[in-house]
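First the structure, in the form of structure tokens, and then the observations on it.
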Amino acid sequence: MRASFADLLAEAGARRAAVGAFTCYNLETAVGVLRAAERRGRGVVLLLGEQSFRAAGGELLAVALVSVAGRAAAPACVQLDHVSDLSLIEAAFECGIGAVMADGSRLPLEENVELVRAAGALARRGGGHVEAELGAIEGDEDVARAVAAGALTEPDEAADFVERSGADCLAVSIGNVHGVYTEPPALDWLRLRAIRERVGVPLSLHGASGLPGADVRRAISLGIAKVNVNTELRERYLDVTSRLLDEVRPGARVLELNLAQAGAVGEVVEAKLDTYEGRS
């Protein structure tokens, strides 16, 4: 069933848990996520990346994700992830998407505020919501570069930013990165605690694929209400595809391959949801 982005986050936060947000590149991925959510009895966010939405057929994929979310037994919201183009944000809401991540983290502060305000105005037309980001979350092994550049989220600035931008959720940079960690990450727990004390909206953690479960649970205990996962889903999807491709080629058994892909993704999602609920 389709659910409000804000409601999903609020309900998870009330349980001292977090909503899992999982990037979906196709319907096999989405089916795997939703079946796992149904088995665990928890709501989820289906993330659609900007590049997927821009690609040929991107709006069709968006509408399809909205449709499968509406038919799922578990509460689900579709969110367009990491986008700074207001025309894309408007198009996403027209497709029925429930939330966007308006990413102005690499813009000057005032431009970031204005982007999120404008995205919020588009969202409110249809009851949607906007996540923002303050402090750049780097890719792969760029934690040191982010720290050196002062790109981590500043607590006082975050409080001012949320108040002025009207963001419904804030993605924080505390030493986390997108992609693969080449060495054990050292998250800034004091910074996260200070942000939580100053910011009144739910916080989200991006780049969680490679984080140890203990770190994720600690982040949730300190106020994280949404956790994004992408890399691990792609890796598992490609692993099962590579393993089964020669086996299903005789007879061109595409359905068998698709079911295995969805099942493999679902295994990752179930384990993540257990972590976010403190069950592992």
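When +1 charges are put on Lys and Arg Cβ atoms and -1 charges on Asp and Glu Cβ atoms, the dipole computed for the range 5-276 relative to its Cα centre reaches about 920 debye. Put in order of Cβ neighbour count within 10 Å, fewest first, the listed residues Glu270, Glu11, Glu247 become Glu247, Glu11, Glu270.
Spatial offset of the range 189-254 relative to the range 46-65 amounts to 19 Å, using the alpha carbon center of each.
Of the trypsin sites (Lys or Arg not before Pro) found in the range 27-121, those that fall in a DSSP loop while having at most 12 other beta-carbon atoms within 10 Å are Arg106.
Using only the Cα atoms of the chain, construct the convex hull and provide its projected area averaged over every direction, in square nanometres to one decimal.
Result: 14.0 nm².
With contacts taken as Cα pairs under 8 Å and at least 6 residues apart, the chain reaches a relative contact order of 22 percent.
Every read-out reported here was derived from the displayed coordinates using simple, explicitly stated rules and does not represent laboratory data. In this text the structure is predicted, and so the values were computed from the model without any measurement. Note: ideal-geometry Cβ built from the backbone for every residue, glycine included; neighbour counts use all protein chains shown.
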